[in-house]
Structures are given as C-alpha cells and as structure tokens.
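The values are calculated or read from the model by the stated rules, or taken from the named source; none is laboratory data. Here the structure is a predicted model, which is why all the values come from computation and not from measurement. A quick note on method: Cβ atoms are made from the backbone with ideal geometry, for glycine too, and the neighbour counts reach across all protein chains shown. With ligands, DNA and RNA removed, areas are computed over all heavy atoms of the protein, side chains included. Shrake-Rupley method; radii C 1.70, N 1.55, O 1.52, S 1.80 Å.
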Amino acid sequence: MADTTGQEKSLATHVTELYELVLAYAKQETLDPVKSLGRFIGFGVAGSLACGLGAVIMLLGGLRALQTQTGTRLQGNWSWAPYLIAVAAGLVLIGLALLRITRRKGPGA
C-alpha cells in the first residue's frame, strides 16, 4: 500500500502505525474522561465541604442569637432550649440533604 508520497510502506510500518493509532484512541477514550471526572469530583468535594462549613457557622450563629436576643425567656431552667433548637435545625438540614440525595428520578420513581 502506498502512502501520501507514493512510496510503499512495509508491514512493520503498518503494524507500528496501527499500534500507535489504537494506543492514542485508548488514551482518548479512557484516560481523558477519567481526568475530567477527577476534576468534577474535586469540585464537588470542595463545594460540599464549603456548604457544610457554612451550615455549621449558620447553626452556631443561630444558637448564639437565641442565647443573646431572647432576653430572659431562655435563661435559667430554659437555658438548654437554644441548644435543642440548634440541634433540631441541624437534623432538619441533614434530613433535607438525605431526602434530596436518595430521591429517585425517572420512570418508576
């Protein structure tokens, strides 16, 4: 078989070119998607950590607001109530996240 310059190629050249072509195709179809998947997972983990940290800070801010802005209503025998409210709010957030994670999509859901 002749190449673009009109010269005949040997069988070894054809085998080498075929091997290089198959190798390049395999890299394109396997390694490149894995690299982009790794980047996708990295951004997902970073985003979820940021959201988790933000939720903890918001819960602590809410707890502090309940402790300081309610006057004498939640003091003395009721000093535990702000903690219970903050824990309950955290559990609601966790429940909403789990509900969203486990919700099925598509037919039969």
* Residue list for the range 58-80, restricted to those being surrounded by fewer than 12 Cβ atoms within 10 Å (Cβ to Cβ) and in a loop (DSSP other than H, G, I, E, B) -> 71, 72, 73, 79, 80
* Which listed residue is surrounded by 10 or more Cβ atoms within 10 Å (Cβ to Cβ), in a helix (DSSP H, G or I), at pLDDT 95 or above and within 25 Å of the chain's Cα centre (by Cα), from 55, 86 -> 55
* residue 31 vs. criteria out of contact with any strand residue (DSSP E or B) (no Cβ under 8 Å at 6 or more places or on another chain), aliphatic (A, V, I, L, M) and open to solvent by less than 70 Å² (accessible area, probe 1.4 Å) -> no
